[in-house]
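Presented below is the structure to which this report refers.
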Amino acid sequence: MTLRWHVFLIGLTLSLLSWLAQAQAPGVRVAIVSSQTSAPYMDAAQALIRQLESQGVPRSSIQLYNPADLANMPEASLTTPKVWVALGTQASAAMGKSSLKAPVLSALVPRSGFERVLRETGRKLSPQFNAVYLDQPLQRQMALIRLALPRARHVGVLLGPDSWFRASALLAAAGANGLALRVARVEDDSVLFSALQSVLEDSSVLLAQADPLVFNGNSIQNILLTTIRANVPMVAFSPAYVRAGALLALYSTPVQAGTQAAHWVLEVLAMRSLPEQAVEPDDFEISVNEQVARVFGLSLDAPSLRLALKRQEQRP
């Protein structure tokens, strides 16, 4: 055998081995579709990926996409993943309209946004199409009010079209915590402040619920000014609202949302399934506006409130 032939065979063998390695390498098992590339979405995506890697899922089998990528993907790429994760409402809507066969888990979505996706796409909540909501459990919200404001007895709530479905559950959660509920329905923004004033008349605290008609960039400052003038503190759902003047906020961070989503992704990869019902956040943070607390004559410590609330829920 000539040297040239020997070199050729070695080269051919190496090429075949390389081809076989590529053919046998695991493809994309987890596909993440992010609505945006802003910090919160990337924080959630990275937390999800880190948690999967820590449990032995190779980084090479996890791929990050944006919603526009779905329309351009070849069929083979759509059928390879074992599970899809949609971060945000836009990604959830795009995946709801697709014909994916693998389970889809949405995260970083409010319940109202996800339910709108279900209505618009004709999807049903199921182990094939489910979500980890951003909305905190109502029981947790009421328990925080009892901890932070033990003298509060009447809770005011403004509900718009996207949050009205919560009325009966809010009433039950309030009653379970010895609180009375004062609810006003806001059909459009023209009646927002009259509804707010009617609620504040006999409320000890205003509990904000995520509804884009009620709480948005145009309304929040006026709502906060009105509550402070009425001597009624607000418990909100976003740390941004605390910075703007709310007394407290109860929320889950993008990192917490991504980490919880990873748990369910691992369930699917272990040949189990997503749950039948949507999942509420299992971890949370609390923010306090100390300046507003002083206005109301209160001394509140966010870490202490969080620890006390976790103890009530018997969480580690």
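Condition (residue is modelled with pLDDT of 95 or more and assigned to a helix (DSSP H, G or I)) applied to the range 2-13: is it met by at least one residue?
No: zero hits.
Does the range 107-127 contain at least one residue that is of a type in the set (Phe, Trp, Tyr), assigned to a helix (DSSP H, G or I) and surrounded by 16 or more Cβ atoms within 10 Å (Cβ to Cβ)?
Among the residues of the range 107-127, at least one is of a type in the set (Phe, Trp, Tyr), assigned to a helix (DSSP H, G or I) and surrounded by 16 or more Cβ atoms within 10 Å (Cβ to Cβ), which makes the answer yes.
Report those strands (runs of 3 or more DSSP E) wholly inside the range 204-292 carrying at least 1 residues which are small (Gly, Ala, Ser) and more than 23 Å from Asn130 (Cβ to Cβ).
234-236, 248-251, 285-288
What's the number of the condition Val295 fails, among (1) touching a residue at least 40 places away in the same chain (Cβ under 8 Å); (2) closer than 30 Å to Ile62 by Cβ?
Condition (2) is where Val295 drops out.
Please enumerate the residues belonging to the range 193-247 that are among the aliphatic types (A, V, I, L, M) and farther than 22 Å from Arg166 by Cβ.
Leu225, Ile228, Ala230, Ala244, listed by residue number.
Which is assigned by TED's automatic domain parsing to the domain that holds Ala230 and among the basic types (Lys, Arg), of Arg146, Arg123? Outline the logic, then answer.
Details: Arg123 fails: assigned by TED's automatic domain parsing to the domain that holds Ala230.
Going through Arg146, Arg123 in turn, just one is assigned by TED's automatic domain parsing to the domain that holds Ala230 and among the basic types (Lys, Arg): Arg146.
Quick check, is Val199 under 12 Å from Leu158 (Cα atoms), in contact with a Gly (Cβ under 8 Å, 6 or more places away or on another chain) and in the same structural domain as Arg146 (by TED's automatic domain parsing)?
So Val199 fits the description; yes.
I'd like the full set of residues that are without any contact (Cβ under 8 Å) to a residue 24 or more places away in the chain and of a type in the set (Ser, Thr, Tyr), limited to the range 183-229.
Those that are without any contact (Cβ under 8 Å) to a residue 24 or more places away in the chain and of a type in the set (Ser, Thr, Tyr): Ser190, Ser194, Ser198.
Show the residue pairs that are 6+ apart or on different chains and have beta-carbon atoms under 7 Å apart, the first residue being within the range 71-87 and without any contact (Cβ under 8 Å) to a residue 24 or more places away in the chain and at positive phi, the second being aliphatic (A, V, I, L, M) and part of a strand (DSSP E or B).
No pair meets every condition.
Looking at Arg166, Arg182, can you tell me which residue is crowded, with 17+ Cβ neighbours inside 10 Å, among the basic types (Lys, Arg) and not in a helix (DSSP H, G or I)? Write out each step before concluding.
Values: Arg166 fails: not in a helix (DSSP H, G or I).
Answer to the selection: Arg182.
Collect the residues in the range 128-148 that are part of a loop (DSSP other than H, G, I, E, B) and buried (at least 20 other Cβ atoms within 10 Å of the Cβ), keeping them in residue-number order.
Answer for the range 128-148, where residues must be part of a loop (DSSP other than H, G, I, E, B) and buried (at least 20 other Cβ atoms within 10 Å of the Cβ): Leu134, Asp135.
Any residue in the range 96-113 that is under 27 Å from Ala39 (Cβ atoms) sitting within a Cβ distance under 7 Å of a residue that is in a loop (DSSP other than H, G, I, E, B) and of a type in the set (Lys, Arg)? List the pairs, counting only those 6 or more apart or interchain.
From residues that are under 27 Å from Ala39 (Cβ atoms), the pairs are Gly96/Arg123.
Can you find even one residue in the range 163-185 that is under 18 Å from Tyr241 (Cβ atoms) and modelled with pLDDT of 95 or more?
no
Only one of these is surrounded by fewer than 16 Cβ atoms within 10 Å (Cβ to Cβ) and either closer than 26 Å to Gln256 by Cβ or at pLDDT 95 or above (or both): Gln24, Gln46, Gln63, Gln90. Name it.
Gln46 is the lone residue from the list that is surrounded by fewer than 16 Cβ atoms within 10 Å (Cβ to Cβ) and either closer than 26 Å to Gln256 by Cβ or at pLDDT 95 or above (or both).
Looking only at the range 263-281, which residues are of a type in the set (Asp, Glu) and at pLDDT below 95? Outline the logic, then answer.
Residues of the range 263-281 that are of a type in the set (Asp, Glu), as a first pass: 267, 276, 280.
Across the range 263-281, the qualifying residue is only Glu276.
If the Cβ limit is 6 Å and pairs must be 6+ apart or interchain, which residue in the range 163-182 that is over 13 Å from Met142 (Cα atoms) pairs with which residue that is among the hydrophobic types (A, V, I, L, M, F, W, C) and part of a helix (DSSP H, G or I)?
Taking only residues 6 or more apart or on different chains, the pairs are Arg182/Val199.
The values are calculated or read from the model by the stated rules, or taken from the named source; none is laboratory data. Please read these numbers as outputs of a predicted model, since none were measured by experiment. Neighbour counts run over all protein chains shown; Cβ positions are idealised from the backbone, glycine included.
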